[in-house]
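Each value in this text was obtained by applying a stated rule to the coordinates, not by laboratory testing. As the structure is a prediction and not an experimental result, all values here were calculated from the model.
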Amino acid sequence: MALTKDKKKEILDSISESIKKASAMVFVNFHGMKVSDVNEFRSKLKGEGVNYMVTKKTLAKKSFGDSKIEGEMPELVGELGIAYTEGDMTAPAREVYDFQEKLEGAVSIIGGVFEGRYVDKEGMVEIAQIPGIKTLQAQFVNIINSPIQGLAIALDAVAQKKESNS
């Protein structure tokens with residue numbers, strides 16, 4: 001179904017607004033997804049604070065062409081979806097990648113925008129493999145806690161040895 005000029009303008013404005021607000025974006029090729037998979041995909045993204053829109057490639061290219069993103073836009077193949085967020089910059093890539101692993105062939109990352117630059121498929125997959133912020137915080141606390149815990153165990157052993165010698 002052909003879109004009217006007003007509807008195209010509305011979509012262009014929506015994409016442009018999303019580009020301005022987003023801290024990171026992932027271009028998604030989805031093909032052959034069942035309705036139940038699409039619903040699960042959208043709800044999983046929404047649960048992580050990631051927005052998702054489906055758009056025509058020509059409208060996306062026009063919107064991104066007007067933006068000030070550095071580099072060369074990756075080739076947009078297949079049906080185009082855009083996952084984006086204003087929060088955790090790795091969340092869109094990570095969530096799409098997780099779902100891509102679940103539904104082999106139906107969903108795939110084809111590129112994205114990260115830190116104001118276009119990133120190709122391989123770069124977005126690398127970003128997707130960075131753990132979430134909560135996991136990184138837990139790992140950091142564990143790293144800080146490990147030497148302190150080791151010191152506490154050593155001091156306890158010294159105290160017990162002194163008690164046994166007395």
The correct pair for the range 83-166, radius of gyration to one decimal and Dmax as a whole number, both in Å and from Cα atoms, is 22.1, 71
Taking the chain and counting helices only, DSSP H stretches of n ≥ 4 at -39,500 (n - 2.57) each over all residues, the nearest-500 ellipticity at 222 nm comes to -18000 deg cm²/dmol
In degrees, nearest 10, the alpha-carbon axis of helix 35-47 is tilted away from the dominant principal axis of the alpha carbons of the chain by 50 degrees
The rounded separation in angstrom of the Cα centers of the range 1-45 and the range 93-165 is 29 Å
Here the gain from full extension of SER14 to ASP98, 0.36 nm per residue of separation minus their alpha-carbon distance, amounts to 27.6 nm
For the range 12-107, the Cα gyration tensor yields equivalent-ellipsoid semi-axes (√(5λ), largest first, whole Å) of 21, 15, 12
Bounding extents of the chain in its principal axis frame from Cα atoms, largest first in Å, are 91, 35, 24
Going residue by residue through the range 102-109, the Karplus relation 6.51 cos²θ - 1.76 cosθ + 1.60 with θ = phi - 60° gives ³J(HN,Hα) values, rounded to whole Hz and with x marking Gly or Pro, of 6, 10, 4, x, 7, 10, 8, 7
Excluding residues fewer than 8 positions from LYS8 in its own chain, the lysines with Cα under 19 Å of it are LYS20, LYS56, LYS57, LYS61, LYS62
